[in-house]
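The values are calculated or read from the model by the stated rules, or taken from the named source; none is laboratory data. Computed from a predicted model, the values in this text were never measured in an experiment. Reconstructed Cβ throughout: ideal geometry from the backbone, glycine too, with neighbour counts over all protein chains shown. SASA here: full protein model, heavy atoms, side chains in, ligands and nucleic acids out. Shrake-Rupley method; radii C 1.70, N 1.55, O 1.52, S 1.80 Å.
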Number of protein chains: 2
Amino acid sequence: MLSGGIGGATFTQGLLGCVDDETEITVIGNTADDIWLHGLKVCPDLDTLMYTLGGGIDPERRWGRAEETWAVKDELAAYGAEPTWFGLGDRDVATHLVRTQMLSAGYSLTDVTRALCVRWQPGVRLLPMSDDRVESHVVVDDEESPSGRRAIHFQEYWVRLRASVPARDVVMVGIESARPAAGVVEAIAEADVVVLPPSNPVVSIGPIVAVPGIGEALRTTTAPVVGVSPIIGGGAVRGMADQLLDGLGVEVSAGGVGTRYGARATGGLLDGWLVDTSDADQLDVLEDAGLRTRAVPLYMSDEETTAQLVRDTLALAEEARA
Amino acid sequence: MLSGGIGGATFTQGLLGCVDDETEITVIGNTADDIWLHGLKVCPDLDTLMYTLGGGIDPERRWGRAEETWAVKDELAAYGAEPTWFGLGDRDVATHLVRTQMLSAGYSLTDVTRALCVRWQPGVRLLPMSDDRVESHVVVDDEESPSGRRAIHFQEYWVRLRASVPARDVVMVGIESARPAAGVVEAIAEADVVVLPPSNPVVSIGPIVAVPGIGEALRTTTAPVVGVSPIIGGGAVRGMADQLLDGLGVEVSAGGVGTRYGARATGGLLDGWLVDTSDADQLDVLEDAGLRTRAVPLYMSDEETTAQLVRDTLALAEEARA
């Protein structure tokens, strides 16, 4: 699995319910939306995966910890410590403290993630895409800047601005020199199936496949590579993504995202691409692009619909292998 | 004021109620019980002073924040992150986050303390004794060590062991190369009165006067230097100090502690020393040592008794000046 946060975590949880205990699942998490806040290293996607699979996620928000409290956040605001727009819950802060202290002591993010998972037992091997610092910055208009634009951290765009202004570009700072984390390339090369769950193609899956070596591993693995469209009926399941993708000139459609990844046969990343039943009209354009595709229900509204989507995804992978 | 935590904070609070708005008070806080915990720089005495004078202290515990919660602590324990014996409250953690981030950015502890006090408005200028790292370590017996002893951080001795084993020695790691923080020596040199409030002579006042330059400033200031005994009726007001002092061979009596500081006229640090009325039998030994002394009620049990002690202390200083 190559995964962002919520969509990937939900899909992976469904996957765990569909496989036997012998099945080994490696989840390669996006780290390009990681951010340093108040001296703490925060890894939103890794934490969403860890908390969701480990049973600690807030079931309503779908990020952060269940039964969370906010004393630290309120106190930081009372000190005037910026930024105030990112919600660091008290329980969550403990995760970041452990992570930050281990990183300061010289451990890699891979080591730290493994250590945190000793507690959470997510049932998968959770790997960061890279131990190197990569940060997605979004270019927005800024009248006060001489260039008329400025780049802000993805989290500022997403959490503070709620994607309410047009995104002119996304710059992945550090991506050229980032190396895949230990085990990432091997996991892809040796996989039976590689799945891209419904995650944002630009800021979640995008950075993972942009790490030098990971795209190549996807193109050359003997495993089928299949993905699930994060776009349903012409809109992202979580609405803010529409605005982001639209501003970047990405066609906000199941077919647009699938053809953007492209078919492995023609130098792309995918063998197969699942779209929602409401997007059945996109099948032709995807097939024309060389992708094996099917229209099935994509909404993961409960355990059963998620399980069925997992089965449909694995079935498409088997078709692609054949 | 040269101050440790609770006793000094309580006395200083009383002092603020006894002086006019024009009076400038500088409190030089002990930093030798500072400790790094979970990657955070914790300054127990500075924080007790800041929270007490700023109205944020827990009134029962007399350390840490009022209406404190403990989610971070519980979560750190769930991760198995050591140590688990030090109670970092959620609100308190925010203080340490702001401090640690500023220190990491290159600010001095003096700068950081000033910044934190912008919020707390303690009504005094609060200075750390030094910006350099100094840590009191307590030497205790250890059968498993080849030397039969080992040194542990003061906080471990105090908080984890609750001073329940004999202290063989106190080592102030880093003290030789520590420099007084900016403003400390000047504050003592230019003071009208220097007060040692009732704080532990070994682990609170001891480190402050051991910083090279601070003891000399006390010996040479034109201001009278007066102190208040932390020992009442042959015991420390907060009992654990007895065990610590006893183990170190310090006579646990008002007279013993006063003569240990010694009179400035004979190379010591004090002009005057207040003892409790119950310790009036100690006046002779103190006067023999060259100290101006009086027996007055020392228990700061409420606002009025604290105010009276402050007045008695300032009166003794005026006597010493004359």
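List of remarks:
- Segments A:315-322, A:220-227, B:148-155 sorted - mean Cβ within 10 Å per residue, highest first: A:220-227, B:148-155, A:315-322
- Region A:55-67 - phi-based ³J(HN,Hα) in whole Hz, Karplus 6.51/-1.76/1.60, Gly and Pro as x: x, x, 6, 6, x, 7, 5, 6, 9, x, 8, 5, 6
- Computed magnitude of the charge dipole of region A:1-146 (debye, nearest 20; Cβ of K, R +1, Cβ of D, E -1): 540 debye
- Within the shell defined by Cβ-Cβ distances under 14 Å, the residues around residue A:168 carry a net charge of -3, with Lys and Arg each +1 and Asp and Glu each -1.
- Label point 7 Å beyond Cα along the C-beta direction, distances from residue A:220 to other copies (nm, shortest first): 7.3
- Residues in the protein assembly as shown average 41 Å² of solvent-accessible surface per residue, probe 1.4 Å, ligands and nucleic acids excluded.
- Positive-end ranking of A:266, A:299, A:235 along the dipole of the protein assembly as shown, with charges on Cβ about the Cα centre, is headed by A:266.
- Fraction of accessible area attributable to carbon and sulfur, the protein assembly as shown (%, probe 1.4 Å): 48 percent
- The listed residues A:50, A:300, once ranked by accessible area (1.4 Å probe) with the largest placed first, stand as A:300, A:50.
- Accessible surface buried once A binds B (1.4 Å probe; total of both sides; Å²): 2000 Å²
- Per-residue extension of 0.36 nm, minus the Cα-Cα distance of residue B:222 and residue B:303, leaves a gain of 26.1 nm for this segment.
- Inter-copy spacing of residue B:287 label points, which lie 7 Å from Cα along Cα→Cβ, given in nm from shortest upward: 11.1
- Extreme residue, positive dipole direction of region A:15-82, given options A:38, A:18, A:51 (C-beta unit charges): A:38
- Within the protein assembly as shown, the proportion of Cα pairs with more than 38 Å between them is 46 percent.
- With its label point put 7 Å out from Cα toward Cβ, residue A:321 sits 9.0 nm from the same residue's point in the other copies, in order from shortest.
- Among residues of chain A, the one whose Cβ lies closest to the rotation axis carrying chain A onto chain B, together with that distance rounded to whole Å, is A:90, 2.
- Region B:152-192: GluC sites (Glu not before Pro) in DSSP loop, at most 16 other beta carbons within 10 Å: B:176, B:190
- Mean residue ellipticity at 222 nm, helices only, chain B: -11000 deg cm²/dmol; runs of at least 4 DSSP H residues each add -39,500 (n - 2.57), and the sum is divided by the number of residues.
- Shielded residues, region B:46-87 - accessible-area loss of 20 Å² or more between chain alone and all protein chains, probe 1.4 Å: B:71, B:72, B:75, B:76, B:78, B:79
- Note on residue A:277 and residue A:16: with the Förster distance fixed at 35 Å, the Cβ-Cβ geometry gives a FRET efficiency of about 0.90.
- Column: log10 I(q)/I(0), Debye, Cα scatterers of region B:125-266, q = 0.22 Å⁻¹: -1.40
- Of all DSSP bridge pairs formed entirely within region A:184-321, close to 15 percent run antiparallel.
- Note: relative contact order over chain B, using C-alpha pairs below 8 Å and six or more positions apart, is 17 percent.
- Most mobile listed residue (A:47, A:21, A:312) in chain A, GNM with C-alpha springs under 10 Å: A:21
- Mean shadow area of region B:191-279, taken as a quarter of the surface of its Cα convex hull (nm²): 5.6 nm²
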